[in-house]
Structures are given as C-alpha cells and as structure tokens.
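For reference, the structure is listed below as structure tokens.
The values are calculated or read from the model by the stated rules, or taken from the named source; none is laboratory data. As the structure is a prediction and not an experimental result, all values here were calculated from the model. Cβ coordinates were reconstructed from backbone atoms using ideal geometry, including for glycine residues, and neighbour counts include every protein chain displayed. All accessible areas refer to the heavy atoms of the entire protein, side chains included, with ligands and DNA or RNA removed. Shrake-Rupley method; radii C 1.70, N 1.55, O 1.52, S 1.80 Å.
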Amino acid sequence: MAAPSRPTTRPIARPVTALTLLIAVGATLAATTPVSAAAPVVSKVSYTEKERRDALAYWTPARIKAVGQATDLGPTHPSVTPWKGTELKTIGRLFFVNGDGEDSWCTATAVKSGNRSVVMAAGHCVRRGSAPDFSYTDMVFVPGYHKGKQPYGAFAVRTSLTPRTWAEESTNDVSALVVDTDKQGRRLTDVVGGQAIAFNRPVGGTIHGFGYPATRPSRGEELLQCAGEAKQPPQEDEQVLIPCGMSGGASGGPWLADFNATTGKGVLVSVHSHGEGLEAGEKMYGAVLGATAKAVYDQAQRG
C-alpha cells in the first residue's frame, strides 16, 4: 500500500481486511468464557502520552487516503445515501490499528458528557470480542471528516472502555472512548458539540443511522445515512434497523432518534454493530443501551 512507514518498530500495516467484521460478526457471537459474578462490569484500556502522540503522527493524510483505497466492500446498498444536509460535526471517523496490525477505521460520535470528552462507538471498533487482551492501538477520532478534510482537527484516544461481556463473550457491542484535548487545549464537545444519549429507552420509532462505510463510490470519504424503523428481534440485547444496508467502516456509527435535520441533533440510542451475514442486506443490528452500556458511559465521563 502507498501509506508511509511509521518510524517505530511496528511493521507497516497490511491492506485492510478487518472492516468486514461489521457484516460478519453476526455469525460469531457465540459465548466462550463465562463472566464471573465478581468481575468488573467495564473493561478499560488506557494509552500513554507517548502512545497518543505517536497515534496522531501515525495517521497522516496519506495514510488515511491509503486505508480507504485499500478497502472495497462493493457498491453501496440502495437504502444508504450520502448525507447532504446540515454538517454533522459530532460524527467522524475513528482510525486505529487492529489486532492483526492492519490499518482500519470505524465511525464514532461525540456525545454530551461530564468531561466533555466522550465518544461512542462499537465494542469491536476498539477490541476483538471474546479476547480480553486483544485491544487495538493508534486510535484517533476525526470529527466532521469529509473527503480528506479534517475541519475540527484530530483527537487522540486516551482511554477505551467496553462492557466486560464484550471482551469475554462478544455481547453488548458498544464502547465509550475518552479523547485528549486538541492542539489548542480545547475539549471535544467544546469544539463540535455533542449528541444527547439515552439508556433504557424502549425499542421502536424512526431512526436515522450514519456512517462512513467502505463501499463504492465513497470508500469512507464521506458520511452516508439511512433511515428506517427500529424493531425488537428475538435476541433481547439487540435491536434491528430496517432498512439500513450499511457495511464495514460504518461500524460504531450512531442511531439517532428524534433526529432534527435542521439542527443535526438527535438522541443516540444505539450504534451500528453488524448486518445479517457476509452479504450486505437491508437490516442493521445494534446493541440495546441498557444498564451495562450506561456503566461504560458513566465511567468514561468521569475519566
């Protein structure tokens, strides 16, 4: 790939394949190791100041361009279209190096929080499920990303938090990340604002979903959207959005209820987790944000 080499001992990242996780994970959610009743609810990974500084240096414009060019998940589903309305600067791309050493990305969203520094995404955007020690590195959030432009800068991830059940059982596919201030010392939501977030909200109603999928022609370079109805599938810890044919790269993107297209604000009630299988369809699944997700968020906003 054309991405520049990073001046560390880590090898140059290989071409991306991990973005297919969003559409494939639905087939791999079998539980493995039971969670002890005494185990913490939240699993936390922190990054040193040097690691955060290195992450910002790693994600150059050339590398960001290369990661999109190296990934092609086919044509965009008819239910998914480019967002042409008010700029949604709370939503952006979350870049990282996955557990296989590959450059990759997800979608993430700045939300209102006590520390004004919390971003919500999917659990599989920060660590591999059912693998407690398999966390990702070089994590950087770029809000408002659009065709190579970073109008609000880049924010290094200081801490990532997931439910312990995601780390050990691949359930509750959600994460909260705490990001550093920007180069001017400003906190994230002081720069871009934050979406409201709701927990224990009944499933249902019209939902607008957003993401940066690796499908043609955008290949992650612009924000795409879908709109449909949220329904309760047989598995009670998830909800399904129909129609919404998002694909890899859109993982972690927000499900916004009560969305106002004029203001660009809504209420985050879930994030994109997985589709129906290896082929893109019109159904997108996301976690129900209950007590476990709230524990993750609460710990993040105290960080």
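Conditions (1) aliphatic (A, V, I, L, M); (2) not in a loop (DSSP other than H, G, I, E, B), marked per residue:
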{"site": "GLU229", "(1), (2)": "no, yes"}
{"site": "PRO233", "(1), (2)": "no, no"}
{"site": "VAL267", "(1), (2)": "yes, yes"}
{"site": "GLN299", "(1), (2)": "no, yes"}
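Among the residues of segment 182-209, which ones are of a type outside the set (Gly, Ala, Ser) and in contact with a strand residue (DSSP E or B) (Cβ under 8 Å, 6 or more places away or on another chain)? Even if it seems obvious, please write down each step before you answer.
First pass over segment 182-209, keeping only residues of a type outside the set (Gly, Ala, Ser): 182-184, 186-192, 195, 197, 199-203, 206-208.
Of everything in segment 182-209, those that are of a type outside the set (Gly, Ala, Ser) and in contact with a strand residue (DSSP E or B) (Cβ under 8 Å, 6 or more places away or on another chain) turn out to be ASP182, LEU188, THR189, VAL191, VAL192, GLN195, ILE197, ARG201, VAL203, THR206, ILE207, HIS208.
For segment 40-66, enumerate the residues that are in contact with a strand residue (DSSP E or B) (Cβ under 8 Å, 6 or more places away or on another chain), open to solvent by 40 Å² or more (accessible area, probe 1.4 Å) and hydroxyl-bearing (Ser, Thr, Tyr).
Listed by number, the list holds a single entry, SER46.
Being more than 15 Å from the chain's Cα centre (by Cα) and of a type in the set (S, T, N, Q) is the filter here; which residues of segment 207-235 pass it?
THR215, SER218, GLN232, GLN235, listed by residue number.
Would you check which residues across segment 96-117 are within 19 Å of ARG216 (Cα to Cα) and surrounded by fewer than 24 Cβ atoms within 10 Å (Cβ to Cβ) and list them?
none
Which ranges mark the strands (runs of 3 or more DSSP E) fully within segment 47-133 that have 2 or more residues being farther than 28 Å from PRO243 by Cα?
Working: elements: 91-97, 103-110, 118-121.
Correct list: 91-97.
For segment 76-126, which residues satisfy the criterion of being within 18 Å of the chain's Cα centre (by Cα) and without any contact (Cβ under 8 Å) to a residue 24 or more places away in the chain?
None - no residue of segment 76-126 is within 18 Å of the chain's Cα centre (by Cα) and without any contact (Cβ under 8 Å) to a residue 24 or more places away in the chain, so the list stays empty.
Can you go through ASN98, ASN115 and tell me which one is closer than 25 Å to LYS265 by Cβ and among the polar types (S, T, N, Q)?
On the way: ASN98 fails: closer than 25 Å to LYS265 by Cβ.
Answer to the selection: ASN115.
What number goes with the only condition from (1) more than 17 Å from the chain's Cα centre (by Cα); (2) in a loop (DSSP other than H, G, I, E, B); (3) at positive phi that ASP258 does not pass?
Unmet for ASP258, out of (1) more than 17 Å from the chain's Cα centre (by Cα); (2) in a loop (DSSP other than H, G, I, E, B); (3) at positive phi: (2).
So, in segment 19-47, of the ones that are among the hydroxyl-bearing types (Ser, Thr, Tyr) and farther than 21 Å from SER104 by Cα, which residue ends up modelled with the lowest pLDDT?
We begin by selecting, within segment 19-47, every residue among the hydroxyl-bearing types (Ser, Thr, Tyr); these are 20, 28, 32-33, 36, 43, 46-47.
If we keep only those that are farther than 21 Å from SER104 by Cα too, we end up with 32-33, 36, 43.
On the way: THR32: 31, THR33: 34, SER36: 41, SER43: 93.
Across segment 19-47, the extreme among qualifying residues is THR32.
If ARG93 satisfies every condition in (1) of a type in the set (Lys, Arg); (2) in contact with a Ser or Thr (Cβ under 9 Å, 6 or more places away or on another chain); (3) surrounded by fewer than 24 Cβ atoms within 10 Å (Cβ to Cβ) but one, which is the exception?
The one condition ARG93 does not meet is (3).
Can you name every residue in segment 288-303 that is surrounded by 24 or more Cβ atoms within 10 Å (Cβ to Cβ) and under 18 Å from LYS231 (Cβ atoms)?
LEU289
With the condition kept exactly as written, say whether any residue in segment 250-260 is of a type in the set (Gly, Ala, Ser) and more than 22 Å from VAL192 (Cα to Cα).
First, pick out the residues of segment 250-260 that are of a type in the set (Gly, Ala, Ser): 250-253, 257.
From what's left, more than 22 Å from VAL192 (Cα to Cα): none.
No, the conditions are met nowhere in segment 250-260.
The rows are residues; the columns are (1) within 21 Å of ARG116 (Cα to Cα); (2) without any contact (Cβ under 8 Å) to a residue 40 or more places away in the chain; (3) open to solvent by 10 Å² or more (accessible area, probe 1.4 Å); (4) touching a strand residue (DSSP E or B) at 6+ places or on another chain (Cβ under 8 Å).
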residue	(1), (2), (3), (4)
ALA227	no, yes, yes, yes
GLU236	no, no, yes, no
LEU256	yes, no, no, yes
ASN260	no, yes, yes, yes
LEU268	yes, no, no, yes
VAL271	yes, no, no, yes
